[in-house]
Amino acid sequence: MGKVSAILVGLLLLCVLGEAVQNLEIYKDPTQPIYMRIKDLMGRMSLAEKIGQMTQIDRSVATPEIMKEFSIGSLLSGGGSVPLPQATAEDWIHMVNDFQKGSLSSRLGIPMIYGIDAVHGHNSVYKATIFPHNVGLGATRDPELVKRIGAATALEVRATGIQYAFAPCIAVCRDPRWGRCYESYSEDPKIVKEMTTIITGLQGEIPTNSRAGMPYVGGKNKVAACAKHFVGDGGTTHGINENNTVIDWKGLMKIHMPAYHPSIGRGVATVMVSYSSWNGKKMHANHQLITGFLKNTLKFKGFVISDWEGIDRITSPPHANYTYSVQAGIQAGIDMVMVPFNHIEFIGILTKLVESKVIPMSRIDDAVSRILRVKFTMGLFENPLADLSLVDQLGSQAHRDLAREAVRKSMVLLKNGETADAPLLPFPKKADRILVAGTHADNLGYQCGGWTITWQGLDGNNHTQGTTILSAISAAIDPGTELVYRENPDAEFVKSGNFSYAIVVVGEHPYAETAGDNSNLTIPEPGPSTITNVCGGVKCVVVVISGRPLVIQPYLPSISALVAAWLPGSEGQGVADVLFGDYGFTGKLPRTWFKTVEQLPMNFDDAYYDPLFPLGFGLTTEPAAAR
């Protein structure tokens, strides 16, 4: 009887120990290896909790209760989706933390990750620093500068409690008619590759012993980055947004894929899939490229995310056969799905597809393990809630100074006087009377462009904080110089005005994505009239504010000097810095400047190449003090 009792006691002890081991929450222990934490947590998760982690919804339809009930993996702010107008950093933090508390109160307490389009600074947030759009950064040819911009952006994003930026766009725009061309650093894949340093700025320096393809986010001052849009988004026919990129495998690898190699090498946490198609196959349904190439060949170990309602657009019209779209997107290898407004339908369909074994559990586990890997890597389980310690980083003077540096380095001087011996620029700060003209001279919204406060951008000076080009010119000139501003003066006013010189600032109105697709690429009126009226009567520089090259050749004979200023953002002083010679012009064209739209698409590596100004063109000047 004694032996039997001892055996029973031993078995009971083993059961108790086994239950204790089971209850030991390894996933909550930061000293454990990440792979062990993932394995432990996934072993505890139900199918519903796993699918919840694969779901990203917009903040406008979220509540803390929804976060808890569905174990939602991620929230986002779509363009202009804000807690309230002119929200402060504190407002953002309180909102994000409230949602996060909902997630933490769920059965397993898995924190959500909050994403936002911080594509030229923390651009949706009032009083944030707005950096030049990527096309301007491409003109700087300065990867170290771009890395510093990434670090500054990370601080401003974290200042509002957000941990995930949908940036950078590493598209190679091959046709300026595309409405997203300003989001591309260059038509040259080598330049785009060089600018992936922004990922290191956003996420931090990857450890030297890191395994290939592993995501890395270096703590509470850094954010998860997102290389996008995979792949070929910048190569669509006629530059039509979300359209078809017709190119063979070799061309895809040579032009559109190169920047993904260093992005993954830098530990990029996520990759976003493109709306576009490759040779007729929707990228959101492309298993060959998402799973076969990105995950298996490039060894990417972070998570793949869809674009906004991206799986809906697998069909035409969108959402026509949503069950098919969910199946095709998940089986292609998408891990997290941006379903901003219809999470219940998505979760219900995906659950049925798994329960009926149409989608294998192994595919769900692959997706969830990747999402958890990013969350564990960035310390989200240890620090799920934001505090107020970084709020002073939002729009800080140091970041505005950095943006100003980026603006002046992005300015490309295309013409400077009729001959090299008689340059117009830099202008003297001391003059009797100068004229500033043009729709874009005193319009902060125009100089920032799309993806600023709202998705499509805004008109005017009251939407965020910054310095217009007119204000910058006024501050730069000698106090004794009379400045006259007329948005669109007539020719007689100019001729009778006795001006020493004129600065004309014209260009495109703000746009984003499909709204920016443009087959004629002309400067909107009254821009051309202003150029004609002003430059016909006085020595002038024309500063073009645009996301891409525009038709300028007809006006070139009357223009004394021409500057491509791109979309410089909130710090207009950077334009004045080079116009008046505090710094020299150094920028180089990141794109071919065409003569006529009939030449498009035309790129630097074409067999026949006849540009107005070639890729890499840019005149230089010495600072006034050095002359």
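For this structure, a couple of remarks:
- Residues located in segment 360-389, provided they are surrounded by 19 or more Cβ atoms within 10 Å (Cβ to Cβ), over 24 Å from the mean Cα position of the chain (by Cα) and of a type in the set (A, V, I, L, M): 364, 368
- Selection status of residue 472, open to solvent by less than 10 Å² (accessible area, probe 1.4 Å), modelled with pLDDT of 95 or more and within 21 Å of residue 121 (Cβ to Cβ): yes
- Exactly one residue among 353, 380 is modelled with pLDDT of 95 or more and either among the charged types (D, E, K, R) or over 23 Å from residue 117 (Cα atoms) (or both), and that residue is 353.
- Only listed residue being touching an Asp or Glu at 6+ places or on another chain (Cβ under 7 Å), outside any strand (DSSP E or B) and among the small types (Gly, Ala, Ser), chosen from 569, 537, 547: 547
- Counting only helices (runs of 4 or more DSSP H) wholly contained in segment 132-215, the ones carrying 2 or more residues that are buried (at least 24 other Cβ atoms within 10 Å of the Cβ) and either at pLDDT 95 or above or of a type in the set (D, E, K, R) (or both) occupy 134-140, 143-159, 197-203.
- Of the residues 450, 466, 457, the single one that is of a type outside the set (Lys, Arg), buried (at least 23 other Cβ atoms within 10 Å of the Cβ) and within 29 Å of residue 623 (Cα to Cα) is 466.
- Failed item in (1) in contact with a helix residue (DSSP H, G or I) (Cβ under 7 Å, 6 or more places away or on another chain); (2) assigned to a helix (DSSP H, G or I); (3) open to solvent by 20 Å² or more (accessible area, probe 1.4 Å); (4) over 30 Å from residue 45 (Cα atoms), with residue 349 passing the rest: (4)
- Matching residues in segment 245-259 - criterion: being of a type in the set (A, V, I, L, M, F, W, C) and either crowded, with 18+ Cβ neighbours inside 10 Å or in a loop (DSSP other than H, G, I, E, B) (or both): 246, 247, 252, 255, 257, 259
- Listed by position, the helices (runs of 4 or more DSSP H) enclosed by segment 1-103 that each have at least 3 residues that are surrounded by 14 or more Cβ atoms within 10 Å (Cβ to Cβ) and at pLDDT 95 or above are 34-44, 47-53, 64-70.
- Positions within segment 273-295 being assigned to a loop (DSSP other than H, G, I, E, B) and open to solvent by 30 Å² or more (accessible area, probe 1.4 Å), in sequence order: 279, 280
Okay, residues lined up against (1) farther than 22 Å from residue 417 by Cα; (2) open to solvent by less than 20 Å² (accessible area, probe 1.4 Å):
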{"site": "477", "(1), (2)": "no, yes"}
{"site": "490", "(1), (2)": "yes, no"}
{"site": "502", "(1), (2)": "no, yes"}
{"site": "516", "(1), (2)": "yes, yes"}
{"site": "525", "(1), (2)": "yes, no"}
{"site": "530", "(1), (2)": "no, yes"}
{"site": "534", "(1), (2)": "no, yes"}
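The values are calculated or read from the model by the stated rules, or taken from the named source; none is laboratory data. As the structure is a prediction and not an experimental result, all values here were calculated from the model. Positions of Cβ are generated from backbone atoms using ideal geometry, with glycine treated the same way; all protein chains shown enter the neighbour counts. Quick note on the areas: whole protein, heavy atoms, side chains included, nothing else; ligands and nucleic acids left out. Shrake-Rupley method; radii C 1.70, N 1.55, O 1.52, S 1.80 Å.
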